[in-house]
1. Which value at 222 nm does the chain reach when only helices count, each DSSP H run of 4 or more adding -39,500 (n - 2.57), with the total divided by all residues and rounded to the nearest 500 deg cm²/dmol?
2. Setting aside same-chain residues fewer than 8 positions from residue 269, which lysines have a Cα under 20 Å from its Cα?
3. With an 8 Å Cα cut-off and a minimum separation of 6 or more residues, compute the relative contact order for the chain in percent.
4. For the chain, what does the equivalent ellipsoid look like in terms of its semi-axes, each the square root of 5 times an eigenvalue of the Cα gyration tensor, given largest first in whole Å?
5. Of the DSSP beta bridges with both residues in the chain, give the percent that are antiparallel, rounding to the nearest 5.
6. Taking only the alpha-carbon positions of region 212-260 and ignoring solvent, what does the Debye formula give for the base-10 log of I(q)/I(0) at q = 0.14, 0.16 Å⁻¹?
7. How much of the accessible area of the chain, in percent, comes from carbon and sulfur atoms when a 1.4 Å probe is used?
8. How would region 527-570 be classified by its alpha-carbon gyration tensor: rounded, prolate or oblate, with rounded meaning a/c under 1.5 and the a/b versus b/c comparison settling the rest?
Amino acid sequence: MSDPYVWLEDLSSPDVLKWIDLNDRRAREYVADKSSVLYRRLLDLSLEPIYYGFRVTDLGYFYMMRSRDFRLGIMYRDGVTEDIVVSSSLGRDVIITSYFVSRRGDLVAYYYSEGGSDLGRLDIVETSSRKLMDRIDGSIHSVVFLGEGRFYYVRFYRSGECPDGVRAPCARVFLRDGGKDEMVFGEGVPTSNFIGLKQSVDGSRAMVTVSRGWSSSKIYTGSLRDPGSWSELYGGDYISIPIDYVDGCYIIRAYDSSGMGRILCVDGKKVREVIPETGEYLESAFVLDNMIAGIYITRECYNKIIYYSLDGRILGEYSPSTPSSIAIASEQAYRGEAVIEETSFTQRYRIIKVSRDMLHGKVIRESRRKDDFEVEHGWARSYDGTHIHYFIIRRRDTKPSKVVLYGYGGFGIALKPGYYLWSIPVIEDGGALVVANIRGGSEYGETWHRAGMGRNKINVFMDFIAVAEDLKRRGARIVAHGRSNGGLLVGSVILIRPDLFEGAVIGYPVLDMLRFDKLYIGRAWVPEYGDPEKSEDREYLASYSPYHNIKPGRKYPAVFLYTGLNDDRVHPAHAIKFHARMIEHGYESYLRAERSSGHIGSTPEIVAREMADYVGFIYKKLGLEPK
């Protein structure tokens, strides 16, 4: 297929930037009357502190806190807290995206970037003195400290080649010693594979995961200090993930049966099932003082924890009082305790310390709760009879008649309860948020994921349409909203069933399915979508690619696209080219392009301004008035 707008992919061109600026200005002017009022509310929400990423060490509890700045801090065991680093000290638009800490807590590494870029820098500092010990530039993750200034890390190559000649995207494990690097694992691992590394809680074993896309992986293990001993332990054409090493046994979770997840003990070639599959999806697990804690997704798409003995007996269960998501940083406990983090549609965070003697835990920090919000469950029937769950979040005294329908549908990502910041004013002002649990996610296991990937992608779109139809039967007016892969979802469904929607908000999207593999790290998504370089995949991709399926003479809903020119994960050209084709055919389309934002976001002020603009569009299309 010809591509008349391929020239818009060149973001270094002054003509392209001029074109973008012109369209960006038009988009902002269109929503200015609403966004000017909404901005202050959304900024206030963005500046409310949120605590997350807790890790247990000998020294105390490390954590992240986000408000106006991103802060990496420590809570000592006597309750005193201190900042290790504040993002504003690293640069004006810097975001701290992740961190890694030694078991003793004496060394910490934090990864940061400017303006929302994925590509950044890792600084290693001494906790007590804050002295900078080392610095590495690039896409860096999975740092494991070995002592005496030595550590492992994983480098992700976004372009070019890995050191062994494999073309990017690819990843390799390095040993850092005295400022010098040695590649110790990954030679020959093909392109579009990801590598993750962590150590067992006792510090004796390395556990490496090599993943092809989001549906298959292999585990490699061995002595932490001897990379030459790392060898394949388990894996195949399914997901398997290491949890820990206990009493000579590697505890892993595997999705090699019906895809719901089970816990195995692997000792050499001997495999023993510890916890069998249940009717609920095992999303994650951790070992806590000779117990296994399994975090499951219920049928109504929220989390609970079941505690087991090491021989598989149920010891207890924990379910939050309101539908919530539960996570533990790094999926590891330490010193017989763990810090779990809850979030819900009505509460931004709740931090709970758990131990063997305190399975329900002790709340150590929590945010205020939106007690005037109510969460309901809905069910729709898709075109093939599949039941699709969805959440409705609204103010208790309103009905869901003006709805923002949000979805994702891919990469095994489950849309569980969360505090959708942009939706808070919408709900407060009489609208409703609906979150659809469509195929492509992992809400009901790996089978649910695979039913929405590759040449099953049509299921994702039809599930979302089924929810929209159900809401329409209830008398709702709907604006669809999706971001990233969710932008692909929304871009597709408005072309298939434009009659269902008053408008569409599409953020940082994947929309050109015939060139996604040529733009930035898009080649990494081939296992999920299919390969445009293969004719049989290309034909299917072309059948639904939103950019290629815009037709003249239709009645498409108005579209508001938003992206960031610092997005080095999903190329902004996806949104830019889609907008160009929409306006070519005379459709109502707006393109907002942020100069200082990327796929992971930006500073609170920039993100609040962005939210105010696309939420302003929602208000205009649903007839809402900001208070």
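1. Values: 9 runs with 119 residues, N = 627.
Calculated mean residue ellipticity at 222 nm is -6000 deg cm²/dmol.
2. Straight-line reach from residue 269, under 20 Å: 218.
3. On the way: 1570 pairs, mean separation 81.8, N = 627.
Reported relative contact order: 13 percent.
4. 37, 28, 26
5. On the way: 144 of 170 bridges.
In the chain, DSSP labels about 85 percent of beta bridges as antiparallel.
6. At q = 0.14, 0.16 Å⁻¹ the computed log10 ratios are -0.38, -0.48.
7. Details: 10770 of 22990 Å².
With neighbouring chains kept in place, the figure for the chain is 47 percent.
8. Working: a/c = 3.36, a/b = 1.15, b/c = 2.91.
In terms of gyration-tensor shape, oblate.
The values are calculated or read from the model by the stated rules, or taken from the named source; none is laboratory data. A quick note: this is a predicted structure, and the numbers were derived from the prediction, not measured. A quick note on method: Cβ atoms are made from the backbone with ideal geometry, for glycine too, and the neighbour counts reach across all protein chains shown. Side chains are part of the model used for accessible areas, which takes the heavy atoms of the whole protein and leaves out ligands, DNA and RNA. Shrake-Rupley method; radii C 1.70, N 1.55, O 1.52, S 1.80 Å.
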